[in-house]
Amino acid sequence: TVPVEDISLRKKSAGFSEAMRYRKTPGLMAKLSGGYDVRIPAENELLGDGSTIAPSEQLMPDRNLSFNAGLLYDLTGLHPSNLQVEVNGYYMHVDDMIRFVKGILGAQYQNFGEMRTIGVEAEVKADMLSWLYGYANVTYQDLRDTRDHEAGKDLPNPTKGKRMPNIPYFMANGGLEFHKENLFGGKGQNTRFFADASFVEEYFYDFELTKNEKRRIPRSFTVDLGFEHSFFDQRLYISGKIKNVADAKVISEYNCPLPGRTLGVKLRYILR
């Protein structure tokens, strides 16, 4: 028999969720959860910002029915590698979805209608060596317009079944971290060097009603490099990071260009 490790029901002011976890062995666990949530519009969604976001006083709360199932293989504390491998699948159906769109007098938040999401995500991370840590994750999600009719109209919805725009459907990240105590001599010091890579597949910034009308955010791949060095038993930190080392062209989900290569340095002291 598989023992039930934890069964919980968490009531919220605007919804509920239920989660179950089954642990077959010390390192292997299965998870299953479901929930129904009602999200009240935020202040800026209802009232705007007085500048670029127009008010939307008639905005309704969005309602989300979701289910999630996954497996977690976790050797944290059981093996020197502290290996963790996790795979999750999920389903969501949203009614009165709140979406940021271009309005008559400027951008505003509007109730879009119904949307369905089916997705899967996987992640692996481990201490590959005593001084080297690595991780990688990947996500694929299929988001579709499920409205039968356009909002406030009896006409058939021309975008029913099409991918939702402004949301990536395939993403992947990975990274390596080198860490060592007293690398440059002395005592009470710790050094980290790290590299992080991010990939986002081409996706839509608006619905494509024909094959000849391509409205897409281009594929992007970026790499960040950084370091962190601490002194006095992790009281004083100096760190730096170069984002988008190759100065790759990156576009936001609303088809706006994002900054290229940037460099930042930070000094931090913790009082104890």
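Points to keep in mind about this one:
- Qualifying positions in the stretch 81-99 - under 17 Å from Met115 (Cα atoms) and in a loop (DSSP other than H, G, I, E, B): Asp96, Met97
- Checked against (1) open to solvent by less than 50 Å² (accessible area, probe 1.4 Å); (2) closer than 24 Å to Thr210 by Cα, Ala107 meets all criteria but (2).
- Among residues of the stretch 243-255 that are under 8 Å from Val223 (Cβ atoms), those with a beta-carbon under 8 Å from a residue that is assigned to a loop (DSSP other than H, G, I, E, B) at least six positions away or on a different chain give the pairs Asn244/Val250; Asn244/Pro259; Asn244/Gly260; Asn244/Arg261; Val245/Arg261; Ala246/Arg261.
- For the stretch 176-203, the set of residues classified as within 21 Å of Ser239 (Cβ to Cβ), of a type outside the set (Asp, Glu) and under 16 Å from the mean Cα position of the chain (by Cα) consists of Ala197, Ser198, listed by residue number.
- Residue within the stretch 173-192 that is among the charged types (D, E, K, R), without any contact (Cβ under 8 Å) to a residue 40 or more places away in the chain and open to solvent by less than 40 Å² (accessible area, probe 1.4 Å) present: no
- Pair list, Cβ under 6 Å, 6 or more apart: the stretch 40-57 residue β-branched (Val, Ile, Thr) and in a loop (DSSP other than H, G, I, E, B), other residue at pLDDT 85 or above and open to solvent by 30 Å² or more (accessible area, probe 1.4 Å): Ile40/Pro61
- Per-region count, the stretch 241-272, residues under 16 Å from Phe194 (Cα atoms) and more than 24 Å from the chain's Cα centre (by Cα): 2
- Applying a threshold of 7 Å to beta carbon distances and a minimum spacing of six or more residues, or different chains, the list of pairs starting in the stretch 221-234 at a residue that is on the phi > 0 side of the Ramachandran plot and ending at one that is surrounded by 15 or more Cβ atoms within 10 Å (Cβ to Cβ) reads Gln234/Asn190.
- Set side by side, the residues Gln141, Gln58, Gln84 differ, and just one is buried (at least 17 other Cβ atoms within 10 Å of the Cβ), in contact with a strand residue (DSSP E or B) (Cβ under 9 Å, 6 or more places away or on another chain) and of a type in the set (S, T, N, Q), which is Gln141.
- Among residues of the stretch 110-138, those that are within 17 Å of Asn166 (Cβ to Cβ), open to solvent by 30 Å² or more (accessible area, probe 1.4 Å) and not in a strand (DSSP E or B), counted: 1
- Taken over the stretch 20-31, the criterion of being touching a Gly at 6+ places or on another chain (Cβ under 8 Å) and either basic (Lys, Arg) or without any contact (Cβ under 8 Å) to a residue 40 or more places away in the chain (or both) is satisfied by Lys31 alone.
- Of all residues making up the stretch 62-80, the number that are part of a loop (DSSP other than H, G, I, E, B) and surrounded by 15 or more Cβ atoms within 10 Å (Cβ to Cβ): 1
Here is a yes/no grid of residues against (1) modelled with pLDDT of 85 or more; (2) more than 24 Å from the chain's Cα centre (by Cα); (3) of a type in the set (Asp, Glu):
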{"residue": "Pro3", "(1), (2), (3)": "no, yes, no"}
{"residue": "Leu32", "(1), (2), (3)": "yes, no, no"}
{"residue": "Ser56", "(1), (2), (3)": "yes, yes, no"}
{"residue": "Asp95", "(1), (2), (3)": "yes, no, yes"}
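- Residues in the stretch 169-188 that are modelled with pLDDT of 95 or more and over 11 Å from Trp131 (Cα atoms): 7 in all.
- Restricting attention to the stretch 112-160, the residues that are of a type in the set (Asp, Glu) and farther than 23 Å from Glu201 by Cβ add up to 5.
The values are calculated or read from the model by the stated rules, or taken from the named source; none is laboratory data. On a predicted model such as this, the values are computed, not experimentally measured, just so you know. FYI the Cβ positions are ideal-geometry reconstructions off the backbone, even for glycines, and counts take in every protein chain you see. What goes into the accessible areas is simple: the full protein's heavy atoms, side chains included, and nothing from ligands, DNA or RNA. Shrake-Rupley method; radii C 1.70, N 1.55, O 1.52, S 1.80 Å.
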